[in-house]
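Trainee: Here's a structure for you.
What follows is calculated from the coordinates using simple rules that are stated; it is not laboratory data. Being a predicted model, the structure only gives us computed values, none of them experimental. Positions of Cβ are generated from backbone atoms using ideal geometry, with glycine treated the same way; all protein chains shown enter the neighbour counts.
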Amino acid sequence: MAFVPIVSGLLLSSVAVATAHRRDNVSQVPDTYPDFATCSSIPSFFSCENTTEITNTCCSPTPGGLVLQTQFWSTYTGLEDEGQLLPRSSWTIHGLWPDNCDGTYESYCDLTRQYDPNPSPSTLDDGTEVPAYDGPGVDTFVKDFGRDDLLTYMNAYWINQGGSNAEFWAHEFGKHATCTSTFDLACYGDSYQEHEDVINFFDAVIRAFKQYPTYDILASNGIVPSNTTAYSLDQIHAALKSQTGALPYVGCSQNGTQLSEIWYYSHVYGSEQYGTYKPLDTTYNSTCTTNGSVWYYERTPTSEREVRLGYL
């Protein structure tokens, strides 16, 4: 934090005015809460574990109740010259995915809320084409809500590779959030403000990400990025399971030798926004080699920066 010496009463007055102005702006940041009032009057349960029909899909993600919090380990971004860097001593966010209870999944479930400029897939299984979005970026939605705090965190920890961060965020919302029932527009009631659901989703993604500090878990077990020391998949599995109680999916590139991603599986009690996540074992087998070395490579020094943001 930089300290500016006060050299005159005029400067003091200016500081006071600026502080008051900031407080006024903070007080005007709109809420982005869905309307879950009716959920408190019906039984709650973990998603995919209900024994009766779900009548209010705002109260539990339905049918996408197998929730995956997914993370990347990348060693560069490809946009370093533009200041798009990775956070030191942290994995980065991939997304928050609503798989169906049987492990299948849907994509781009509401094309009226499709903000992805490069949809993938561009054609759904039923032949429906997903139109490319060409409007303002989702980062402008965040700015319009006065959520500089949220935007700062996303730009620090939710990093794209080879493309802008905002394009990545738009992809995750369009492909996944629109298939999560607790983010449906109907859940926001008559007071809904345009793009409120987008902001609410981004907050939920960060909340879920912070439940799984992958870098810290691995480092506390002696597993740190290295270009000279490799690890076994069993070592990585044991470290992660010791702190989460379940076995996540561990993904590797380069023919199964380079650690690149992790997916944490859960059922959620209540909504995806605010509910409690119960860890589950992965439904996918790891793509990492089981009888050889797994490399957890160091990042290119010029591809990362120090960020320690106490958000949420």
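Trainee: Go through (1) buried (at least 20 other Cβ atoms within 10 Å of the Cβ); (2) in contact with an Asp or Glu (Cβ under 7 Å, 6 or more places away or on another chain) and name the single condition G189 misses.
Mentor: G189 satisfies every listed condition except (1).
Trainee: Report yes if R113 is in contact with a Gly (Cβ under 9 Å, 6 or more places away or on another chain) and of a type in the set (K, R), otherwise no. Spell out the reasoning first.
Mentor: On the way: in contact with a Gly (Cβ under 9 Å, 6 or more places away or on another chain): yes; of a type in the set (K, R): yes.
In short, yes.
Trainee: Failed condition for Y212, given (1) surrounded by fewer than 16 Cβ atoms within 10 Å (Cβ to Cβ); (2) under 22 Å from W91 (Cβ atoms); (3) touching a helix residue (DSSP H, G or I) at 6+ places or on another chain (Cβ under 9 Å); (4) of a type in the set (S, T, Y), with all others met?
Mentor: The failed condition is (1).
Trainee: Could you grab me the full set of residues in the range 73-104 that are touching a strand residue (DSSP E or B) at 6+ places or on another chain (Cβ under 7 Å), of a type in the set (D, E, K, R) and part of a loop (DSSP other than H, G, I, E, B)?
Mentor: The answer is R88, and nothing else.
Trainee: Moving to a separate point now. Out of all the residues in the range 40-69, which are polar (S, T, N, Q), in a loop (DSSP other than H, G, I, E, B) and touching a residue at least 24 places away in the same chain (Cβ under 8 Å)?
Mentor: Matches in the range 40-69: S44, S47, T57, S60, T62.
Trainee: Given (1) over 16 Å from the mean Cα position of the chain (by Cα); (2) under 27 Å from T182 (Cβ atoms), identify the lone condition not met by D216.
Mentor: Against the list (1) over 16 Å from the mean Cα position of the chain (by Cα); (2) under 27 Å from T182 (Cβ atoms), D216 comes up short only on (2).
Trainee: Then there's this: Of a type in the set (G, A, S) and farther than 20 Å from N200 by Cα: is that true of G127 in this structure?
Mentor: Working: of a type in the set (G, A, S): yes; farther than 20 Å from N200 by Cα: yes.
Spelling it out, G127 is indeed of a type in the set (G, A, S) and farther than 20 Å from N200 by Cα.
Trainee: Consider G256 carefully, then state whether it is at positive phi and outside any strand (DSSP E or B). Explain how you work it out, then say what you get.
Mentor: On the way: at positive phi: yes; outside any strand (DSSP E or B): yes.
The answer is yes for G256.
Trainee: Hey, another quick one. What's the number of the condition L96 fails, among (1) closer than 19 Å to V205 by Cβ; (2) more than 18 Å from the chain's Cα centre (by Cα); (3) not small (G, A, S)?
Mentor: (2)
Trainee: Turning to a different aspect of this structure: Go through the range 65-83 and count every residue that is buried (at least 16 other Cβ atoms within 10 Å of the Cβ), among the small types (G, A, S) and over 16 Å from the mean Cα position of the chain (by Cα).
Mentor: Of the residues in that region, 1 qualify.
Trainee: Between a first residue in the range 189-206 that is on the phi > 0 side of the Ramachandran plot and in contact (Cβ under 8 Å) with a residue 60 or more places away in the chain and a second residue that is assigned to a loop (DSSP other than H, G, I, E, B) and acidic (D, E), which pairs have beta carbons less than 7 Å apart while being 6 or more apart in sequence or on different chains?
Mentor: G189/D35
Trainee: If only one of A238, A170, A132 is surrounded by fewer than 17 Cβ atoms within 10 Å (Cβ to Cβ), of a type in the set (G, A, S) and touching a Pro at 6+ places or on another chain (Cβ under 8 Å), which one is it? Break it down into steps so the answer makes sense when it comes.
Mentor: Values: A238 fails: touching a Pro at 6+ places or on another chain (Cβ under 8 Å); A170 fails: surrounded by fewer than 17 Cβ atoms within 10 Å (Cβ to Cβ).
Among A238, A170, A132, only A132 is surrounded by fewer than 17 Cβ atoms within 10 Å (Cβ to Cβ), of a type in the set (G, A, S) and touching a Pro at 6+ places or on another chain (Cβ under 8 Å).
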